[in-house]
Amino acid sequence: MGGLPRAWRVNRWPTFALSLLVLGPTAAAQSAPPLAVPLPFTRAEAIASALEKSTRHTIARVDVASASAEVSAARQFENPVLSSSYSGSAPQAHVTLDVPFDWPGLRAPRIAAARAQLGAATVRLRLADVLLAFDTDTTYTRAQTLEAQARLLAGTARDADSLLALVRLRRDAGDASDLDVEIANVSAGQLTNAALAASASATAAILRLQLLIGVSPDSIRIALADTIAVAATAIPSPPTPADAPVTGVALPVAAATLDVRAAEEQARLERRKRIGAPALALGVETINPGGPGGALPLVGVSLPLPLFNRNRAAIARADLDVQRGRALLVQAALEQQTSARLAQTDAAAARRRAENSFRLLASAERIGALSLLAYREGATTLVNVLEAQRTARDARAQLLDDLAAVQIAERLQQLLSLRLPNTP
């Protein structure tokens, strides 16, 4: 400590405290208890945890199980009804077995509607998993970006403290004024506040990620094992498209198509149910004083008469469900086409911005380094140095944002390109 400038010793504490806030687990690992150390999570581990623990996946899986139960219910036959009675007139004892059965043509559409609903629920389960994986991946990317920006601002704040110490030394030597010291002091304070805000944003992003992957968001419990690094290399090339043409149906369109098929089968079923289901009665009559002994056979048929209604309300409701399903299918197809086109445009624009930001970053950092060297030699003013450093800092932060935008846009393109085989 004795060999350090007095100004650095006085102003090192805000930067030290800031480094603890930004670096969190890394800077405070020596003093934190073992249970407080966050567990590192890679991107793949975060997505797997989200798919395992998310309530969205659970709800979609329950919907599939419910639709499967509906298929079983559509295939089953109704149970017969056993009834017995006793009367004072002969024959006195009556035992009947009522066996309900469907009209021809009722069973097939009922099963077809249930199967279509099961198919739609299965597609929605896959779609829910894909969307959940995309949300988790996007949240992870944003958390990476905010964490990298927080580290960048923390380092910039430390550099601002060093610059403040340099300005004070130059003032003491008569090469700078009190105005330069005040300007450097204000700049260092602003950067400290910006670093604190960036640290809070990074913390909030990690907490949102914990909520998605099923980890309690009451405190920081995970650490990002994958990080965004801005290296002196070119922007990664976009994924190479497959040579084969894209075939099949997009997931939202496939689900909407199966919904329409289920509604059409249900409408066909309701039209065939204008007359209720008949039943066959089989039984015996016994205890016949004065008459023939033994059990007398009993055979009968019950047939509902469509006198008061012919299932018109159910038919109208089913027809409206068909119209609604077809409208939703058209809307899903249009939204899919629009989203795919917008995602392609956004991905291309994000890549161009990232490539441009990458080129600007090298120039901005070179200008910042040269301006600081010129200030040390008295060839430029402090204001020029601060402006050059701000430009370099903004260029690096912008490149981080652009890299994240490229990754998110390409993930969205991959999501929208998912297809199911065409079904008859």
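Laid out as a table, the results:
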quantity	calculated
Test set (1) in contact (Cβ under 8 Å) with a residue 60 or more places away in the chain; (2) surrounded by fewer than 21 Cβ atoms within 10 Å (Cβ to Cβ) - residue 178 fails condition number	(1)
Pair list, Cβ < 9 Å and 6+ apart or interchain, from the range 235-264 residues that are over 30 Å from residue 113 (Cα atoms) and modelled with pLDDT under 85 to residues that are among the acidic types (Asp, Glu) and part of a helix (DSSP H, G or I)	235/355; 235/402; 238/410; 239/410
Selection status of residue 404, touching a residue at least 24 places away in the same chain (Cβ under 8 Å), part of a helix (DSSP H, G or I) and under 20 Å from residue 142 (Cβ atoms)	yes
Residue 391 being surrounded by 15 or more Cβ atoms within 10 Å (Cβ to Cβ), without any contact (Cβ under 8 Å) to a residue 60 or more places away in the chain, of a type outside the set (Lys, Arg) and in a loop (DSSP other than H, G, I, E, B)	no
Sole residue being surrounded by fewer than 17 Cβ atoms within 10 Å (Cβ to Cβ) and part of a helix (DSSP H, G or I), chosen from 332, 369	369
Breaking point among (1) out of contact with any Pro (no Cβ under 9 Å at 6 or more places or on another chain); (2) part of a strand (DSSP E or B), for residue 89	(2)
Unique match (being at pLDDT 90 or above, among the hydrophobic types (A, V, I, L, M, F, W, C) and surrounded by fewer than 18 Cβ atoms within 10 Å (Cβ to Cβ)) among 200, 205, 121, 108	200
Residue satisfying condition, being small (Gly, Ala, Ser), assigned to a loop (DSSP other than H, G, I, E, B) and over 56 Å from the mean Cα position of the chain (by Cα), within set 294, 300	294
Test set (1) closer than 30 Å to residue 181 by Cβ; (2) loosely packed, with under 13 Cβ neighbours inside 10 Å; (3) touching a residue at least 24 places away in the same chain (Cβ under 8 Å); (4) not β-branched (Val, Ile, Thr) - residue 364 fails condition number	(2)
Index of the failed condition, residue 148 passing every other in (1) touching a Gly at 6+ places or on another chain (Cβ under 7 Å); (2) among the hydrophobic types (A, V, I, L, M, F, W, C); (3) surrounded by 17 or more Cβ atoms within 10 Å (Cβ to Cβ)	(1)
Extreme residue, surrounded by the most Cβ atoms within 10 Å (Cβ to Cβ), among residues of the range 72-102 that are aliphatic (A, V, I, L, M) and either farther than 18 Å from residue 276 by Cα or under 48 Å from the mean Cα position of the chain (by Cα) (or both)	74
From 15, 58, residue being in a helix (DSSP H, G or I), of a type in the set (Ser, Thr, Tyr), modelled with pLDDT of 85 or more and out of contact with any strand residue (DSSP E or B) (no Cβ under 6 Å at 6 or more places or on another chain)	58
Any hit, the range 29-37, residues being under 30 Å from residue 220 (Cβ atoms), modelled with pLDDT of 50 or more and either out of contact with any Ser or Thr (no Cβ under 9 Å at 6 or more places or on another chain) or not polar (S, T, N, Q) (or both)	yes
Hits in the range 259-298 (condition: over 30 Å from residue 109 (Cβ atoms) and aliphatic (A, V, I, L, M))	284, 287, 295, 296, 298
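The values are calculated or read from the model by the stated rules, or taken from the named source; none is laboratory data. Predicted model only: the values in this text are computed from it and were never measured. Heads up, the Cβs are rebuilt from the backbone with ideal geometry, glycines too, and the neighbour counts pull from every protein chain shown.
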